[in-house]
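Below is one structure, written out as structure tokens; comments come after it.
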Amino acid sequence: MFDRVQVRVPAGTLKDIQRLVPKPLLRCLGCVAVLLNPGCWQYGVMLNRFAAVSEVKQRLQGQGFPHPTSPTQPSSIPHPGPSPPSLQCFIHPSPVRYPSPPHRQGQLKPYYLMNAASLLPVLALGVEEGDRVLDLCSAPGGKALAILQTADPALLCCNEMDPHRRDWLAKTLESFIPQSLSSTVTVSNQDGRIFGQSEAGMYDKVREENGHVFWLFSGPGGEQHGAVRLRERARLPTLQTQLLRSALAAVRPGGVAVYSTCTLSRSENQEVVEAVLNTCPGVELQDLEEELALPLQEHFTFTPLGHTPSLGHTPSLGLLVVPQQGQTWGPMFLSRIKRIY
């Protein structure tokens, strides 16, 4: 069990948060209070199908996590649709902290701790046996691991341009994936913005994510550091739009790209998706409401995003999971776009 983390919120932090978050969210949800209180955060325990997990299941049950077939809470997140039942992520309605898996020489780690909302982009991707998959911004590797729990792709290319994050990604994969998959799971270091040119139409599924934490003032430097981060974030929507365009160019006709972020910022979420839909011919927004939001609404707090008049009668631009007490998963925005031609 981890100790409860205490954080000091510098003066001015809430003002900056309020500037970034849409006002309806601040009025209706206690998300800011959750984000600023790590002591209430929950963690999902995703089992690794490549390792022995029977002892882990017994320990989870001993801490109040039931068998995955049990319908009672706390529970295991189900995988909607006909996909294999190998993806198992145990969650608890309380902030029960499970220890990180120890490193044992010659053994794969049996589970991975994660924010359970991180599974939603993987479920939206819908990887099937034999797919060629690109994980465009892959570090630290949790979603790549989740992809491998759902199916056996012909190729999973995990791309990470930053050298330090790429090392982190490689270590994660080595700790959880058997050597027999070394030819299936590869690590690359390309600039994600050029994938659409260098490997155009080469993939069935592409996942593109920009995981920028929302709380800006937790690092050294306090408010001064936060002010620099805010200026940097002003440039992010342009970069994210370029990456999503590249992702769609790397997908074959008939394939899909899933875009996701760990932010509540509309400029990095809906506006990026809208910009790509308005400027990229031959792509189509797909609705995730019935596929994900409805089946999983007891586990996640989805907030409606509405429709965009400029795009006509189309599905919502995406799903947004907002953390609340007892369901502290997120924030997580996700949207799926299909390439038609």
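The values are calculated or read from the model by the stated rules, or taken from the named source; none is laboratory data. Owing to the predicted nature of the structure, the values given are computational and were not obtained by experimental measurement. Using ideal geometry, Cβ is built from the backbone for each residue, glycine included, and neighbour counts are taken over all protein chains shown. With ligands, DNA and RNA removed, areas are computed over all heavy atoms of the protein, side chains included. Shrake-Rupley method; radii C 1.70, N 1.55, O 1.52, S 1.80 Å.
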Simple spin-label estimate for GLU55/HIS164, 7 Å along Cα→Cβ, in nm, reads 3.4 nm
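Quick one: what do you get for region 91-176 if you divide its Cα Rg by 2.2 N^0.38 Å? Could the numbers behind the result be given before it?
Working: Rg = 13.7 Å, N = 86, 2.2 N^0.38 = 12.0 Å.
Rg over 2.2 N^0.38 Å, computed on Cα atoms: 1.15.
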Spin-label model distance (nm) - LEU294 vs ILE194, 7 Å beyond Cα toward Cβ: 4.5 nm
Spelling it out for GLY44: with amide H atoms placed in the peptide plane at 1.01 Å from N, the residues 5 or more places away or on another chain with amide H under 5 Å from its amide H are MET114, ASN115, ALA116
For region 164-198 versus region 88-163, the gap between their alpha-carbon centres in whole angstrom: 13 Å
Taking LYS143, LYS171, LYS338 and ranking on accessible area (1.4 Å, protein atoms only), highest first, one gets LYS171, LYS338, LYS143
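How many percent of the alpha carbon pairs in region 230-303 exceed a separation of 20 Å?
Working: 1084 of 2701 pairs.
More than 20 Å apart: 40 percent of the Cα pairs in region 230-303.
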